Amino acid sequence: MSRHRRPFSLLAALTALAASAALTGCSPGDSEARVVPPSAPPTDVAGFCAALHKELPGTVQGLARTRSEPESDLTAAWGGSAIVLRCGIPQPPKMLDPTQDGGEINGVGWLIERLGNADGGGFRFTTVMRLAYTEIRVDKEHATDAQMLVGLSAAIAKTVPEGISSY
């Protein structure tokens, strides 16, 4: 994904999704979320993820942080599995596609992927130009605006240095 692209409005894309998506009646009240941690990232990447884990907000978009199972410094969740974070993932192949959409919030660049119904709908956001790739999956009910990424971007900017991860 190139950072030299046409201007992209993350807020506009999410607003359009919210207007067109048929919302389900699920409630994100689960007390824990099952989140598969990434497979053994390199030590430096795992260190960045551990630092990020300590800085993550207690709430995202009004949803309280949920215990993730299995417990890991590489994962976090809010509102059950409404918003799920995985840090230390390998570089997504789509990141090399210059036609992919991207945006920037609080100094953190994001690869933006709208997920199809087979993948549960919603969005997947993956950080770019950081020494550890971090993925945020947001279910279609909660992918209504860019606010969910504001606090997460601030925590990432504080703990994961800019650069190109070799992982």
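The values are calculated or read from the model by the stated rules, or taken from the named source; none is laboratory data. Note that the coordinates shown come from a computational prediction; the quantities given were computed from them, not determined experimentally. Every residue, glycine among them, receives a Cβ derived from its backbone with ideal geometry; neighbour counts consider all protein chains shown. Heavy atoms of the whole protein, side chains included, go into the accessibility calculation; ligands, DNA and RNA do not. Shrake-Rupley method; radii C 1.70, N 1.55, O 1.52, S 1.80 Å.
Worth a mention:
- For the residues 101, 119, 139, the requirement of being in contact with a Phe, Trp or Tyr (Cβ under 8 Å, 6 or more places away or on another chain) and acidic (Asp, Glu) singles out 101.
- Residues that are surrounded by fewer than 17 Cβ atoms within 10 Å (Cβ to Cβ) and either closer than 24 Å to residue 141 by Cβ or without any contact (Cβ under 8 Å) to a residue 12 or more places away in the chain (or both) within segment 89-100 comprise 93, 94, 99, listed in sequence order.
- Taken over segment 117-128, the criterion of being closer than 22 Å to residue 46 by Cβ and open to solvent by 50 Å² or more (accessible area, probe 1.4 Å) is satisfied by 124 alone.
- Inspection of segment 137-157 finds no residue satisfying the criterion of being closer than 20 Å to residue 79 by Cα, touching a Pro at 6+ places or on another chain (Cβ under 6 Å) and of a type in the set (Val, Ile, Thr).
- Neighbours by Cβ (under 6 Å, 6+ apart or cross-chain): first from segment 143-167, at pLDDT below 90; second buried (at least 16 other Cβ atoms within 10 Å of the Cβ) and of a type in the set (Phe, Trp, Tyr): 143/123; 165/133
- Candidates 86, 114 - the one that is among the basic types (Lys, Arg), open to solvent by 30 Å² or more (accessible area, probe 1.4 Å) and modelled with pLDDT under 95: 114
- Selection within segment 125-142 - part of a strand (DSSP E or B) and hydrophobic (A, V, I, L, M, F, W, C): 125, 128, 136, 138
- Segment 129-154, residues that are open to solvent by 10 Å² or more (accessible area, probe 1.4 Å) and among the hydrophobic types (A, V, I, L, M, F, W, C): 129, 131, 146, 150, 154
- All of 58, 79 fail the test of being under 20 Å from residue 146 (Cβ atoms), of a type outside the set (A, V, I, L, M) and either in contact with a helix residue (DSSP H, G or I) (Cβ under 8 Å, 6 or more places away or on another chain) or open to solvent by 30 Å² or more (accessible area, probe 1.4 Å) (or both), apart from 58.
- Filter result (of a type in the set (A, V, I, L, M), within 13 Å of the chain's Cα centre (by Cα) and either under 24 Å from residue 166 (Cα atoms) or not in a strand (DSSP E or B) (or both)) within segment 68-114: 74, 76, 82, 84, 85, 89, 105, 108, 111, 112
- Check on residue 64, part of a strand (DSSP E or B) and without any contact (Cβ under 8 Å) to a residue 24 or more places away in the chain: yes
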